[in-house]
Amino acid sequence: MIHVEGLTRKYGSFTAVDDISFECRQGTVTGFLGPNGAGKTTTMRVMVGLTPATHGQVTIGGHHYREIPNPGRHVGVLLDASAQHAGRTGREVLLLSSRTMGLPDSRVEEMLERVSLEPAEAKRTVRNYSLGMRQRLGIANALLGDPQVLILDEPANGLDPAGIRWMRDLLKGYAAQGGTVLLSSHLLHEVEQVADEMVVIGRGRIVARGTRAQLLRSASGGLATTLVTAVDNEQLHRALTVKGIEATAAGASLRVSAEPIDVGRVAAEGSIVLTDLRAGNEDGLEELFLQLTADSQREGAPQQPAQPMPEGVNP
Amino acid sequence: MSTETLDLSSTPAIPFTRLVQVELRKMYDTRAGRWLLISIAGLTGLVLVIQLIVLLVKDQSATLGSFGAGANIPMVILLPVLGVMSVTGEWSQRTAMVTFALVPSRGRVIAAKYVSALAIALIAVVVAYVLMIVANLLYGAFSSHPMVWDFGGAFGIFLVFLLYVISLSIGFAFGAAILNTAGAIVVYFVYDFVLPGLMELGAHLLSWFHSIRPWIDFSNAQTPLQGGSSVTGQQWAHLLVSGSIWLGIPLAIGIRRMLRAEVK
Ligand SMILES: Nc1ncnc2c1ncn2[C@@H]1O[C@H](COP(=O)(O)OP(=O)(O)OP(=O)(O)O)[C@@H](O)[C@H]1O
Ligand SMILES: [Mg+2]
């Protein structure tokens with residue numbers, strides 16, 4: 001649905017976005033991940049024509065954004081929730097958008113309710129909004145035209161835990177009904193639970209792409225890993241070694257270089273009682289993320305040897 | 001429902017009239033905007049009250065036209081501020097991001113803003129005339145002199161409208177070129193107060209300048225619009241030529257800037 005082709009954006013000699021290509025498929029949520037200054041916002045601004053591309057192009061549903069008549073009815077955009085007139089009330093902000101799109105005024109009320117902004121809050125000026133309220137208003141604004149595509153820049157920013165869960169359910173529901181969602185974040189945890197696919201960007205370049213499972217797998221060097229805890233870890237370790245499967249202790253669990261199903265089989269054959277059996281390395285994604293974007297991290301590279309680029313990872 | 005393309009066939013484009021309505025609404029839907037509009041009307045009323053008191057105390061004769069001249073003073077000072085804010089409000093408050101995401105063809109938004117500014121100029125003319133008429137009636141009631149209704153006809157009203165449109169447009173142009181409320185207002189006031197003085201000085205010191213001055217002195221060229229009822233062909237020509245320099249150029253720069261600027 002969203003096609004980014006060879007997109008580059010330069011500011012003078014600085015390249016904010018460097019020849020990136022990816023797509024967001026219909027009916028899915030795509031997470032756009034990267035550290036501060038990676039180029040996420042710039043990419044999204046190019047998508048909706050607020051920033052011209054230096055090279056390359058973006059099409060949404062086969063069209064350039066500028067060519068879409070009344071684009072608010074097709075593409076919901078939230079780029080910066082604080083970019084609202086401080087002197088307008090929340091309700092007025094939505095009313096202006098709604099009138100521009102030619103929607104009935106009743107739509108404003110519906111959206112306020114949808115994002116849980118109470119009537120009293122909607123009457124307040126945006127100046128007096130909390131961060132999370134601004135964010136909710138921005139989301140309401142993006143949903144106003146009942147679009148098929150959502151482009152959201154850090155939508156969870158400032159939301160409380162209940163708000164984040166609500167947001168997650170909202171986006172999942174949106175995709176389940178055939179919508180297409182692109183959301184950015186620099187928090188992996190926020191995105192991995194909702195995104196079907198992830199695009200990781202660092203210093204303007206795409207460093208990894210794929211589903212959560214693909215990325216997880218690449219986090220362990222392309223090999224399957226399993227985290228397992230048995231009542232008797234020693235016994236399980238011995239049983240695995242007999243089968244030629246490598247395992248190392250990892251806290252109260254074992255980290256095994258095999259698929260969970262194989263580990264389960266070994267345990268079943270040896271009548272070993274398991275208390276936990278999980279795919280991959282839960283911290284792996286976080287580590288991978290840090291590592292992939294290491295040279296663009298402000299805090300310097302983490303202490304990890306470089307791994308060969310596995311599948312699902314673009315060098 | 002599994003197509004990767006967007007079907008746009010049933011989505012009509014946004015009609016221009018709707019954009020104008022929205023832009024007009026933006027001028028009064030904030031407290032700052034409302035107060036600016038109210039203070040333009042209020043200050044015009046205040047100037048007329050002072051003028052009325054002075055005329056009555058000094059027992060001088062006056063006409064509707066005298067009150068018109070009085071009303072024009074606050075109008076031509078404050079309408080440019082309104083023009084500035086109609087553009088810069090969008091940029092300094094960063095709402096341009098939302099506006100241009102909803103209407104990517106920026107030219108249409110700028111045109112809608114300009115048309116809504118013209119609508120405000122029209123309202124300003126009506127307000128000015130109502131206040132002038134009230135002032136003249138009060139003058140007639142309290143003065144020993146007779147009331148004189150020198151309306152100047154439809155053409156006279158048109159000239160006032162033109163004057164207000166020019167004032168608003170100058171503000172609009174500076175707002176667009178500078179895209180910052182305070183900056184644009186400062187530059188406008190420098191332009192409005194310093195430039196006429198420079199023109200005067202230039203005409204004094206340089207004889208060749210004296211002869212071309214009518215063609216480049218925009219503020220002098222607007223004088224026939226103030227309460228006049230006839231404008232000669234040459235006066236129109238002066239207005240047009242000086243206007244293209246002092247209004248046309250900033251407006252062109254401003255529109256170009258708004259069309260191209262990266263929206264942040
Ligand atoms: N107008 C500009 N002039 C110069 N550099 C710019 C401009 N706009 C953006 N940049 C630079 O482009 C880079 C990418 O910025 P961008 O806002 O896209 O990052 P981001 O991924 O959204 O980061 P964050 O997670 O902090 O929001 C940054 O280094 C930024 O400073
Ligand atoms: Mg950003």
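Each reported figure results from applying straightforward, stated rules to the coordinates on display, with no laboratory input. Since the model is a prediction, treat every value here as computed from it, not as a measurement. Neighbour counts run over all protein chains shown; Cβ positions are idealised from the backbone, glycine included.
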Dipole in debye (nearest 20) - the range B:16-260, about Cα centre, beta carbon charges: Lys, Arg +1; Asp, Glu -1: 980
Alpha-carbon centroids, the range A:238-266 and the range A:119-177: separation in whole Å: 44
From phi via Karplus (6.51, -1.76, 1.60), per-residue ³J(HN,Hα) for the range B:123-134 in Hz, x at Gly/Pro: 5, 4, 4, 4, 4, 4, 5, 4, 5, 4, 5, 4
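Just list whichever of A:LYS10/B:LYS113; A:LYS123/B:LYS26; A:LYS172/B:LYS264; A:LYS10/A:LYS40; A:LYS123/B:LYS264 have alpha carbons separated by over 20 Å in the model shown. Show your work: numbers first, answer last.
On the way: A:LYS10/B:LYS113 31 Å; A:LYS123/B:LYS26 16 Å; A:LYS172/B:LYS264 29 Å; A:LYS10/A:LYS40 14 Å; A:LYS123/B:LYS264 27 Å.
With Cα atoms farther than 20 Å apart: A:LYS10/B:LYS113; A:LYS172/B:LYS264; A:LYS123/B:LYS264.
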Order of A:HIS186, A:HIS64, A:HIS85, A:HIS74 - criterion: other Cβ atoms within 10 Å of each residue's Cβ, fewest first: A:HIS64, A:HIS186, A:HIS74, A:HIS85
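Is the range A:226-280 best put as rounded, prolate or oblate by its Cα gyration tensor, with a ≥ b ≥ c the root eigenvalues, rounded for a/c under 1.5, and otherwise prolate when a/b is larger than b/c, oblate when not? Spell out each step's value before the answer.
Numbers: a/c = 1.18, a/b = 1.09, b/c = 1.08.
Rounded.
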Cα centroid of the range A:18-61 to Cα centroid of the range B:42-87, whole Å: 54
Positive-end residue, the protein assembly as shown charge dipole about Cα centroid, Cβ charges, pick of B:TRP215, A:VAL126, A:PRO161: B:TRP215
Cα long-axis angle, helix A:282-292 against chain A (0 to 90 degrees, to the nearest 10): 70
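So, R0 is 51 Å and r is the distance between the beta-carbons of A:ARG25 and A:ARG238; what FRET efficiency does that work out to, to 0.05? Don't skip to the answer; put the middle values down first.
On the way: r = 46 Å, r/R0 = 0.89.
The calculated FRET efficiency here is 0.65.
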Using θ = phi - 60° and Karplus 6.51 cos²θ - 1.76 cosθ + 1.60, couplings along the range A:3-17 (whole Hz; Gly, Pro as x): 10, 10, 10, x, 6, 10, 9, 10, 10, x, 8, 8, 9, 6, 10
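How big, in percent, is the set of alpha carbon pairs in the range B:16-260 lying more than 24 Å apart?
Numbers: 15301 of 29890 pairs.
The calculated P(r) of the range B:16-260 puts 51 percent of pairs beyond 24 Å.
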Pairwise label distance in nanometres, A:ALA252 with A:ARG66, each label 7 Å out on the Cα-Cβ vector: 6.0
Amide N of the range A:58-83 lying under 18 Å from the label point, which is placed 7 angstrom from the Cα of A:LEU131 along Cα→Cβ: A:79-83
Cα gyration tensor, the protein assembly as shown - rounded (a/c under 1.5), prolate or oblate: prolate
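How crowded by other chains is B:4-16, given as the mean number of beta carbons from other chains within 10 Å of each beta carbon?
Details: counts 11, 7, 16, 4, 10, 1, 1, 10, 4, 3, 8, 2, 0.
Mean partner shielding for this stretch: 6.
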B:LEU195 versus B:ALA141: modelled label distance in nm, points set 7 Å from Cα along the beta carbon direction: 4.1
Built amide H within the under 5 Å cut-off of A:ASP18, gap 5+: A:ARG9, A:ARG205
Packing-based exposure ordering (other Cβ within 10 Å, fewest first) of B:VAL76, A:VAL191: B:VAL76, A:VAL191
